[in-house]
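Read through the structure below, which is laid out as structure tokens, and then see the notes.
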Amino acid sequence: MEELYRKFSETLRENTSLRHQIVDLESALSSKEQELLMAKESSGLGQYLRRIESLERENKRLKDMVERAGQDNCEGENINPNAIMSEEKTENGTHRSETKDPSGELRQYLKTIREYVTGLTGYKMEFRDGEIIFHSLYAFDSEDVFIFRYKSGNMELVNNDFAASWATEVQNYLIAGKSIPAFLAAVTLELFNKKTFG
């Protein structure tokens, strides 16, 4: 009986340990998926990823047709890959003629978005090595920046002299309130008042 109880206890501990590992792995997977999503969005790979998805769908369709061909000789369905590729080329040719220079248009679009974001938030944003650097339009010095780093599924404020000078706002809005937008808004209002009204 003791042996059975000991084995049960060991199994229970192992089960608990495995459950913790599963939770940790799911968390790590979620974090990596988020990082991958951010990397895809920031690197302009969207067009290529859509092309890959299109080719994967086409590949699946062709495999399904080949499997069915063995069963019922495809009943007249077109399985000529050259015909499919010519359709793809026509689709892509039309798309290319519409966009001409997708990277140039993308750059212009991103520039426009950045201008809008700067006008709406009062911050210029710069993306560099996994960090987002916020330059306030109302800052007194060009070195006065907030740097946020994406880490473990969260954005963290990097400690620098400028961030340290806003300790009260960091405590109230980032730590207690857990709100980056509220923190940035509070700093913007304070800087605006100092710069505008002295």
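Values quoted throughout were computed directly from the atomic coordinates according to the rules given, and no laboratory measurement underlies them. None of these values were measured; they are calculated from a predicted model. Heads up, the Cβs are rebuilt from the backbone with ideal geometry, glycines too, and the neighbour counts pull from every protein chain shown.
Packing, as the average of other Cβ atoms within 10 Å across residues, places the peptides 182-188, 154-160 in the order 182-188, 154-160, highest first.
So if we plug the beta-carbon distance of E67 and L189 into 1/(1 + (r/R0)^6) with R0 = 45 Å, what FRET efficiency do we get, rounded to 0.05?
According to the calculation, E is roughly 0.10.
Where does each of F146, F127 land when they are ranked from fewest to most other beta-carbon atoms within 10 angstrom? Present the calculation step by step, with values, prior to reporting the outcome.
Values: F146 22, F127 11.
In increasing order of surrounding Cβ atoms, one gets F127, F146.
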